[in-house]
Amino acid sequence: MREYISRLTGVLSAAAARLDNAAAPAQLERPKAAGHGDYSCTLAMQLARSLKRNPRDLAQALIDAVRADADVAAGLADIELAGAGFINFTLTPTAKQAVVAAVNREGAAYGRAGAGQRGQVLVEFVSANPTGPLHVGHGRQGALGDTIAELLATQGWAVTREFYYNDAGAQIQNLAISVQARARGLAPGHAQWPEAAYNGEYIADIARDYLAGATVQAADGVAVVATGDVNDLEAIRRFAVAYLRREQDIDLRIFGIRYDNFYLESSLYASGRVEETVRRLVASGHTYEHEGALWLRTTGFGDDKDRVMRKSDGSYTYFVPDVAYHLAKWERGYRNAINVQGSDHHGTIARVRAGLQAVHPEIPKTFPAYILHKMVTVMRGGQEVKISKRAGSYVTVRDLIEWSGGVRDDMDQAERDAALRRGRDAVRFFLVSRKADTEFVFDVDLALAQNDENPVYYVQYAHARICSVLGQWTEREGGNEADLADADLAALTHPRELELMMQLAAYPDMLRQAAQDLTPHDVAFYLRQLAGSFHAYYNAERVLVDDAALKRARLALLLAVRQVLHNALSVLGVSSPQRM
């Protein structure tokens, strides 16, 4: 159907160009009202503004051009001139049926462009401080970032997923002091417990392993062996950071997220990149000294006030290594970079971009692009959950996955793995189902529900239902799915079948637009629509009918629906169960 729509828009564009050589290319839209055909075009009204002519007359000229092309006209059941100059097109069932064959022929590639054709893009997301377990905000970043990365990959981008570890600064020092206090036998509430210390139970776990001489290793790091010396704060720091990086690696693995690269803030200092960045900023002429501090004149780049780079005590403010890090992105060859962060980072955007442009005027003002998300509220049993025993002051990603999957202590490993997979699917689907810039309420009870109100269950159940029907056909009649590739689809004329085929045809454009707009929630919305149309069809029509030709046609349609459900769920990092 894509080829047919391309030919139709081509005929319209050529006709418009004959009327006005400056005319924009024709575009077709899906009308909101069912009675307005399958596609609608407003090209005539656009031409009317520039040509100062009656839009209905122009619309009629465009319609005549379409009807004059025999191949294009053959694919249209009706062309309607409506209102002030709208053109509504209704496709023939044959034109719509072509999408079933296309999906079943292309399989997992349906909707995707050639790999690497668009160039390189770096997507940075989660990028948590290694000072504690990942919280639900990091979970939303993870779901958004990984889905955005996969969306871009479907459109031919060579995507690098990167995690930036803030493993330097005051928070890391507080982590070391916290573990040291626990190792000395202190606990929160003790008179000598450090005021800035972290109170979660995980600090006690780190201290216990440190005293035991344990060895820990992050996914990309070297093994760190605990010395057990409670007076060696630097040794404690190294061990604690490695320990928590390993824990975060475990959380990310459970969440189904993989990274191509990990970048450490500490490496920016060790390599001299921070000092070099400051030197280059001073050389740019955009800095000045005031009250013993070094300032960057960010107001010259649109910021609301100038920013301190180096404090009077000689230490750098946190945005300086951020500028150094993003310079490194640019100098590694990434001309497209996307950061997925919490909305609390909004204030850093202008100062980071100002620093980049001060050093490299050729860097675009929009580099890097930012996707900022709002907070997640967790509800369980009708009550908001704010704390976790593990973290002490917030709900962790692992908590949310285990709760949403119904993990219990009495489960064996296979049962636990299955529950974690259910939890991961629910969390990933839920956290991308709304626009990033809206607050999200995560209802654990809804995530556990096995009914139509649970959106991920509703979508996955559609996939499992199709697997069941195809399984019955295979078992009872010896059917082979591969044989459906050449099924005669002429019998697919029921209104619900035609609607399903139109939705299948919409998938590639939905993916393209979602990737362009960086809106992963569009994929979740599409899945709910497709699943809804399938369930309505399944409940109204039998598939395994006596009429052999109709049965094969309907099985081929179901095969295509299952494929697109699987493709779209894969973009979200959600599984496609064969039975539920």
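The values are calculated or read from the model by the stated rules, or taken from the named source; none is laboratory data. Just so it is clear, the model here is predicted, and its values are computed rather than measured. Cβ atoms come from the backbone with ideal geometry, glycine included; neighbour counts cover every protein chain shown. Protein only, heavy atoms only, side chains kept; ligands, DNA and RNA dropped before computing areas. Shrake-Rupley method; radii C 1.70, N 1.55, O 1.52, S 1.80 Å.
Measuring nothing but alpha carbons in the chain and taking Rh as the Kirkwood radius, the Rg to Rh ratio lands at 1.05. Here is the tail figure for region 450-572: Cα pairs spaced more than 19 Å apart come to 48 percent of all pairs.
Report, in whole Å, the centroid distance computed from the Cα atoms of region 471-512 and region 272-307. Cα centroid to Cα centroid, the span is 61 Å. Extension gain, ALA223 to ARG53, is 53.7 nm, computed as 0.36 nm per intervening residue step minus the present C-alpha separation.
Take the Cα of ASP517, step 7 Å along the line toward its Cβ, and report every residue of region 420-457 whose backbone nitrogen sits under 11 Å from that point. Label zone hits: 435.
Taken about its Cα centre, region 1-91 carries a charge dipole of about 320 debye when Lys and Arg each add +1 at the Cβ and Asp and Glu each add -1 at the Cβ.
The charge dipole of the chain, taken about its Cα centre with unit charges on the Cβ atoms of Lys, Arg (+1), Asp and Glu (-1) only, comes to about 820 debye.
Could you size up the charge dipole of region 427-542 around its Cα centre, putting +1 on the beta carbon of Lys and Arg and -1 on that of Asp and Glu, and report it in debye to the nearest 20? Dipole of region 427-542, to the nearest 20 debye: 180 debye. Using a probe radius of 1.4 angstrom, the carbon and sulfur fraction of the accessible surface of the chain is 47%.
Couplings 3J(HN,Hα) of region 320-327, computed from phi: 5, x, 5, 5, 4, 5, 6, 4 Hz, in residue order, whole Hz [Karplus 6.51 cos²θ - 1.76 cosθ + 1.60, θ = phi - 60°; x for Gly and Pro]. Here's the picture: charge each Lys and Arg Cβ at +1 and each Asp and Glu Cβ at -1 in the chain, and of TYR325, ASN231, SER575 the one pushed furthest to the positive end of that dipole is TYR325. Applying both filters, DSSP loop and at most 13 other Cβ atoms within 10 Å, to the GluC sites (Glu not before Pro) of region 120-197 gives GLU195. Convex hull volume of the C-alpha atoms in region 385-517, normalised per residue: 191 Å³.
Mind checking which lysines have their Cα closer than 29 Å to the Cα of LYS96? Skip sequence neighbours fewer than 8 apart in that chain. Partners within reach: LYS32, LYS551.
Surface analysis of the chain yields an accessible area of 45 Å² per residue, using protein heavy atoms and a 1.4 Å probe.
Note that region 380-448 shows a convex hull volume over its alpha carbon atoms of 93 Å³ per residue.
Only beta bridges with both residues in the chain are counted; by DSSP, about 50 percent of them are antiparallel.
Here is the list for region 263-331: trypsin sites (Lys or Arg not before Pro) lying in DSSP coil, each with at most 15 other C-beta atoms within 10 angstrom of its C-beta, are LYS305, LYS311.
Suppose the chain between GLN171 and GLN117 were pulled fully straight at 0.36 nm per residue; how much longer would it get relative to their current alpha carbon spacing?
Extending this stretch completely gives an extra 15.3 nm.
Within region 1-91, the ratio Rg/Rh, alpha carbon atoms throughout and Rh by Kirkwood, equals 0.93. Remark on ASP443: its backbone amide H falls under 5 Å from those of MET379, a criterion applied only to residues 5 or more positions apart or on other chains, H modelled at 1.01 Å from N.
Farthest toward the dipole's positive end in the chain, which of HIS286, TYR263, VAL222, given Cβ charges of +1 (Lys, Arg) and -1 (Asp, Glu) about the Cα centre? Value computed over the given set: HIS286. Every helix of 4 or more DSSP H residues in the chain counts as -39500 (n - 2.57), and over all residues that averages to -16500 deg cm²/dmol at 222 nm. Taking the Cα atoms only, what angle lies between the long axis of helix 521-540 and the longest principal axis of the chain, rounded to 10 degrees? Long axis of 521-540 versus the principal axis of the chain: about 40 degrees.
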